[in-house]
Amino acid sequence: MSDLTPAATTLAAAATGHGFLSPTGVEIAFLLVGLATLGAAAVTVTTKQLVHAALWLVVALGGIAVEYLLLTAEFIAWVQVLIYLGSVVVLLLFGLMLTKAPIGRSPDADSNNRRVALGVALLAAASLVWVVVDAFRTTWIDLDGPAQGSTKVSGEILFQHWVLPFEALSVLLLAALIGAIVLSRRDAATGPEDHTKGQQR
């Protein structure tokens with residue numbers, strides 16, 4: 001009679017099936033898509049053309065949606081596509097158009113603080129990894145329960161624990177859109193006056 005618990009037996013069986021040196025096709029695809037997503041994100045923050053940055057952001061967010069699909073979280077993947085690809089990116093493009101941002105390269109888009117930004121990004125990434133690892137160190141997924149990416153489980157987690165951040169993000173996006181409209185109307189209002197002053201001079 002074995003002294004191992006059912007969870008330990010499951011882990012032992014999974015470990016003998018395949019390991020780090022013998023990944024499955026899904027794991028290889030997950031790694032490749034992750035590298036492509038990381039590359040698209042790097043191009044997003046390094047390019048000097050704002051429209052290109054927005055388009056590369058579409059690629060990065062799409063890669064994250066593919067990662068969710070590979071993790072069998074179909075509901076979260078389609079939420080990623082509908083909200084981020086369909087709403088946030090469109091909001092960014094509208095903001096670029098309403099504020100009359102330059103299409104090509106702009107010196108104003110580069111603050112020459114790349115080293116400071118890289119240091120802050122690495123520090124934020126290390127902090128995020130540490131927080132996630134520390135929070136889920138002893139957390140195990142119940143394989144016999146409902147799928148973690150299903151609508152039922154995701155809805156319960158979202159509306160029980162993450163309602164306030166979700167609503168705060170909605171207000172933040174609305175404020176960004178209103179700010180872009182205000183800036184565009186201010187430019188339109190000051191344009192004719194400046195033009196008439198130039199003619200009087």
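FYI, it's all coordinate maths here, none of it is from the lab. All values reported here derive from a predicted model rather than from experimental measurement. FYI the Cβ positions are ideal-geometry reconstructions off the backbone, even for glycines, and counts take in every protein chain you see.
Of note:
- Simple label model, 7 Å out from Cα along Cβ direction - Ala29 to Leu164, nm: 3.9
- Residue-count net charge about Gly34 - beta-carbon cut-off 12 Å; Lys, Arg +1, Asp, Glu -1: -2
- Modelled spin labels at Ala124 and Val182, positioned 7 Å past Cα toward Cβ, are 2.4 nm from each other.
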